[in-house]
Every structure is written in structure tokens, then in C-alpha cells.
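Here's the structure we're looking at; comments come further down.
The values are calculated or read from the model by the stated rules, or taken from the named source; none is laboratory data. Remember, it's a predicted structure, so these values are computed and weren't measured experimentally. Positions of Cβ are backbone-derived with ideal geometry, glycine not excepted, and every protein chain shown enters the neighbour counts. When the accessible area is computed, the model is the full protein with side chains, heavy atoms only, and any ligands, DNA or RNA have been set aside. Shrake-Rupley method; radii C 1.70, N 1.55, O 1.52, S 1.80 Å.
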Amino acid sequence: MSAPSSAESPSLAQSLHFWARNASNESALLQASLRLGLFDALPVEGSGEPVTVARLAETAGASARGVRSLLELLVCLGFARMDDARHFSLAPATAALLKDPAFRARLEAELPWWAPLGLLDEAVKRGEPVEHGGRPWDVLGHYRALLLDAPQASSPGAEDFFDRFARSAARTQLLISAGRLGVLELLAASPRTLPELGAATYLTTTGLRVLVEGLAKLGLAREEGGAWGLSAEARQLLEGKALAYLVRSLSVSAQYWEALGRLDETVRHERFVLDLKDPEVSRRFYADNSNQITAVFASHFQLSRRAAATLAQARPLEGASVLDIGTGSGVWGAAFARATPTTHVTYFDQAVVLEQVRRNTESLKVADRARFWPGDLFTQDFGAGAFDVIILPQVLNVLRPEDLPGIFARVARALRPDGVLLIAEYVLNERRDGPLDHLYFGLRRFMTNEGDLLSASEYGSLLSDVGLTQSVCIPLPTQEMLLAARPGVALPTQLAPADSVPRQESPRRA
Ligand SMILES: C[S@@+](CC[C@H](N)C(=O)[O-])C[C@H]1O[C@@H](n2cnc3c(N)ncnc32)[C@H](O)[C@@H]1O
């Protein structure tokens, strides 16, 4: 999905998806690019020689990988250009906007607000300015100015840029606070006046007013006869488990807030504010993540079962021995366990994560053919010739690029001669300038000291180096599946039809 703009009029469902997952990434991308001087360092298209990432990184005194993560997104969003030799320039329309000193000053005035905007919960509780860095910040007033008061119209292009630069993140944080403070849930339960909402939450009326009016501006809330509730469209969208799912995905975005606000530091010095290579940080982050992915088990299970059915078209899975590395909720391994009554699956992850996997396999009645293997995927020796299928589901993006050859070598060694490696990942297009959602995901992986996203041919070349010379990339509904094997092993070329697997099934929630 591309970032919504007023011209496209996205549906509320699309906007909600964007605000919950990518809107804060969008503001952070533009703010970091401004702080790092990238807009000034890029030659304007048509009036200067386009530059390489390495050259730009040198000019900005920053990490090449960090600069590339920003540039590929700027190209995808249309703010920058890339030619076939991967040389970059600034789009003339972007250059024209940023040449205006008054507009530039308006952007720069927003930069110090990132951290205070993250204190919205506290501002709503207190109803008055909050302290940050030794001085008070009128956080509620700033939200009002950004989201509720009429925008200072300059030009549609400038307004759109400012919207992405400042308001996108403010919308994400408003939703985070409304979810975390229980306001979304109360609005969904029944309409309430502000004093009633205040009595139910112990929050100030001043603060609540900014929250509910902000939600109304987003099309999520509305007032009728003095009582606030969800809008009809939001009520429909957030029915059943959807509200809890939204609140959980907002809590994942909340974990990135500080790191996004300091993205320029990470790009400059590779100093990771949220460092998922720190074992303690990783343990906490992924324990939460495992709960999150267990919550969306049903839809992922559809996908992984379809992937298993696809592989079974070319390679029978009866009696197969399967290894699922970085299993998370176990959703991929369990799909293979369900493919036949005789498939055995080994689930590999950090010990803290395997507890939930054990419960999920019991609930899905595949625990009798399960083995749980705790370990560190960076160093674990997976043995020699022991597995028919090895799955790396959404896990390579955890590894830094320099670690990929090592894990591919260990995995290739652990595969039987006719074994198949299945990688489920967000695979970039061959130009590496899309899809947009994938690039945002890749930015989060870079800023957390994790992996890089690759194109299908970049994967193909690394896999050939370890003897897996055949590979095929098959698009799944929300990600891609790459299958690789030694020469002569049959691989499917087409996704199995959706009706080849039963509908919606998930483990009981603990
Ligand atoms: C993004 S999750 C993917 C989960 C699952 N495969 C899925 O597709 O839903 C990445 C998984 O890798 C695991 N992981 C991260 N670092 C690890 C390490 N050093 N050793 C073992 N597992 C690790 C995490 O615990 C997490 O479950």
C-alpha cells in the first residue's frame, strides 16, 4: 500500500493500517533526512550529476547502509530519484519546496517535538504542560495545533510534505495513547460524555478532549448529543477481535518511538537506540512479539498452510523431517506438521519463545510430532544432512547482512541432498525501491541492528554460493516465499490454490 495522501482518499481501513504501522516511520524518515543534510547533499535531478550511496554517505558522514535505507524509501515515495546505475538525485519538486526559507523554518521548528509528542499519555493525565529535558512542553497544545486547528495553507505540495513530516507521527502517537489509556475500548463499548470518560479513566477532561477530537479528525470517533463513541465506519472495522489486534500492533509501534526520533544518530553512527542484538532487549521484545504473532495466528496459518501445500505439489511431505528456525509462534512448523500425519517438526528459537510454541502445538494437536530446540541461531550448528525441509520464516531479517553467508552455509549442510530450503520474507523488487511496506519494515530492521531486505536475485546469488543453485520466488498474499535446492531437485513454480487448505484455524488463547 502506498502512503495515503489526500489526493488518493484512502479508505479508513487503509489509513488505520498506515497510522498503526508506518506513519511514524514516514515522519522519522523525513526528519532524519533533514537532520542529516541529505536533501541538501543530493544534486537536483537534471541540474547535477547523480551520486552513489557511498558518496552521499561520505558527504553526510554517515553509515552507507543507513543512508541507503533512507534513500530507497525517498525514491519509493517520489521525493528522490534513482537511475539504472543506482545513482541518486533529488526530485525537482522536493528541491523547490525545501528552497523556501519559511517552509524550511516550519519543518525545523517541528524537530524538537518528537520526544515531547511521545509524552502524550502523561499530558492527558495531567491536563497541563509536561517536563522534558528540563523545561515544560505544551504537548496538548501542540497536538491541537498539528491535528485540530486549520493547517497553514501554503501549497498542496508543501502541505503534503509537512503532513508526512510532522502529522503522520502525531497520528500514530495519538492512536497509541488512545489504545494504551483504554479510551478506544471505552468508546467501542458505549457512547460517553467527557466527564463520564474522565470518571472511567481518571484522565483530565482537557486531555481527553484532545484525544477524542483527534480521533474524530481521523474519522474514528464522533460526538452525538454530547456523548462520544466510535464512528459507524470505525465500529464496523474494529468489531470482534479487531480492536484488540489494533491496540497490540500500536504497542509494537510504541516500542520504536524513541529510536525513530533518534534515527539520524543511528544512520550517522550506527548507534542503536533499540538494539535487538542486546540479548536482554531481544528477549523482552520477542517475547512480546510472540504474543502478538500468536494473536494473528489464524491468518498466518492460512498462509503457511498454503506454502506447505505448494511445496507438497513438488515434494511429498510424508515422513519428512522439518526444521523451523526462528519459529516465533510456531505457525510455519505447525503448518508442515498438519500437512501429513507423519511429518516431524523441530521448532528452534530462544527458550523464552518456545514456551508459547509448546502451548500452540498442544492446542493444534501436533505436539506428539514436535521437538523443541532452544538455541542461538547466530552460532548453532544444525548438523549434517538431517532435514528434508528447513524453514527460515521471517527470520533472515533479524540477521545482519554479514551473517547471511554463515547461516546459509550451516543450513545447506543440515539439508539432505534432496532437501528444500524455504525462506519466507519480504523480498524487494529488483530495483530495491519497493514495495513501500517492505522498505519501511527494512528501515525498522536497520535501526534495531538487525538485517537487511534483499531482492530475489540477491538471495539467489548467496544461496548459489552454498550449493543451493536452484531458487524460485513465489509471491504469497503479504510476503514472498523463496524455495531453494541443489541441482535436480523438483521445485514448484506456482502457489497452491487458496481452497487447498481449510479456512481459519488457530490455537486456543492461553
Ligand atoms: C520476526 S520473528 C519471526 C517469527 C515467526 N517465524 C513468524 O514468521 O511469525 C523472529 C524470530 O527469531 C527469533 N530470534 C531472534 N534472535 C534469535 C537468536 N539469536 N536465536 C534464536 N532465535 C532468535 C525471535 O525470538 C523470533 O521468534
HN-Hα J couplings of region 428-441 from phi, Karplus 6.51/-1.76/1.60, θ = phi - 60°, integer Hz, Gly and Pro as x? 6, 5, 5, 7, 6, 10, x, x, 4, 4, 5, 5, 5, 4
Can you tell me how much longer the chain between residue 321 and residue 386 gets when fully stretched, taken as 0.36 nm per residue apart minus their C-alpha distance, in nm with one decimal? 22.6 nm
Please give the FRET efficiency for residue 224 paired with residue 14, using the beta carbon to beta carbon distance and R0 = 25 Å, rounded to the nearest 0.05. 0.45
Based on DSSP H runs of at least 4 residues, each adding -39500 (n - 2.57), what is the mean residue ellipticity at 222 nm of the chain after dividing by all its residues, to the nearest 500 deg cm²/dmol? -14500 deg cm²/dmol
7 Å from Cα along Cα→Cβ at both residue 403 and residue 236: what's the point-to-point distance in nm? 4.5 nm
Nearest 10, in degrees from 0 to 90: the angle of helix 404-414 to the longest Cα principal axis of the chain is 30 degrees
How high is the relative contact order of region 12-269? Use alpha-carbon pairs under 8 Å, at least six apart in sequence, and give a whole percent. 26 percent
Using the heavy atoms of the protein chains and a 1.4 angstrom probe, tell me the accessible area per residue for region 12-269 in square angstrom. 41 Å²
Among 104-117, 161-174, what's the highest-first ranking by average C-beta atoms within 10 angstrom per residue? 161-174, 104-117
Around residue 367 (Cβ within 11 Å, Cβ-to-Cβ, excluding residue 367; K/R +1, D/E -1) the net charge comes to +3
Put +1 on the Cβ of every Lys and Arg and -1 on every Asp and Glu Cβ in the chain; which of 129, 467, 64 then has its Cα farthest towards the positive end of the dipole? 467
Heavy-atom accessible area per residue - region 297-500, 1.4 Å, Å²: 34 Å²
Apply the Karplus curve 6.51 cos²θ - 1.76 cosθ + 1.60, θ = phi - 60°, to the phi angles in region 460-466 and return the couplings in whole Hz, x for Gly and Pro. x, 5, 5, 6, 4, 4, 10
Need one value: the accessible area of residue 372 in square angstrom, 1.4 angstrom probe, rounded to the nearest 10. 50 Å²
Local charge sum around residue 223 (other residues, Cβ-Cβ under 13 Å, Lys/Arg +1, Asp/Glu -1)? +1
Need the full-extension length gain, residue 367 to residue 47, defined as separation in residues times 0.36 nm minus the C-alpha distance. One decimal, nm. 108.8 nm
Part-to-part distance (alpha-carbon centres) for region 108-173 and region 23-95, which is given in Å: 25 Å
Karplus-derived 3J(HN,Hα) from phi for region 29-40 (6.51 cos²θ - 1.76 cosθ + 1.60, θ = phi - 60°), whole Hz, x at Gly and Pro, runs 4, 6, 5, 5, 4, 5, 4, 7, x, 5, 4, 7
Distance in nm between label sites at residue 283 and residue 494, each 7 Å beyond Cα in the beta-carbon direction? 4.9 nm
Quick one: which residues, 5 or more positions from residue 326 or on another chain, have an amide H under 5 Å from its amide H? H modelled 1.01 Å from N in the peptide plane, none for Pro or chain starts. 348, 349
When a/c is below 1.5 the answer is rounded, else prolate if a/b is larger than b/c, else oblate, so apply that to region 12-269 with a ≥ b ≥ c taken from the square roots of the Cα gyration tensor eigenvalues. prolate
Candidate aspartates and glutamates - alpha carbon under 14 Å from residue 125, same-chain residues fewer than 8 apart omitted: 138
Just the number, please: percent antiparallel of the DSSP beta bridges in the chain, rounded to the nearest 5. 55 percent
Quick one: which residues, 5+ away or cross-chain, put their amide H under 5 Å from the amide H of residue 44? H built at 1.01 Å from N. 90
Percent of accessible area on region 80-222 owned by carbon and sulfur, 1.4 Å probe? 55 percent
What is the spread of the Cα atoms of the chain along each of their three principal axes, largest first, in whole Å? 65, 59, 41
Rounded to the nearest 10 Å², the 1.4 Å probe accessible area of residue 237 is 60 Å²
Return the distance in nm (one decimal) between the two label points of a simple spin-label model at residue 196 and residue 180, each offset 7 Å from Cα along Cα→Cβ. 2.7 nm
How much of the accessible area of region 268-392, probe 1.4 Å, is carbon plus sulfur, in whole percent? 50 percent
Find how much the distance from residue 271 to residue 189 grows on full extension, using 0.36 nm per residue of separation minus their present alpha carbon separation; answer in nm with one decimal. 25.2 nm
Taking a ≥ b ≥ c as the square roots of the Cα gyration tensor eigenvalues, with a/c under 1.5 meaning rounded and otherwise prolate when a/b beats b/c, else oblate, which class fits region 297-500? rounded
Between residue 137 and residues 5 or more places away or on another chain, which pairs have amide H atoms under 5 Å apart, with H built 1.01 Å from N, and which residues are they? 130, 131, 132
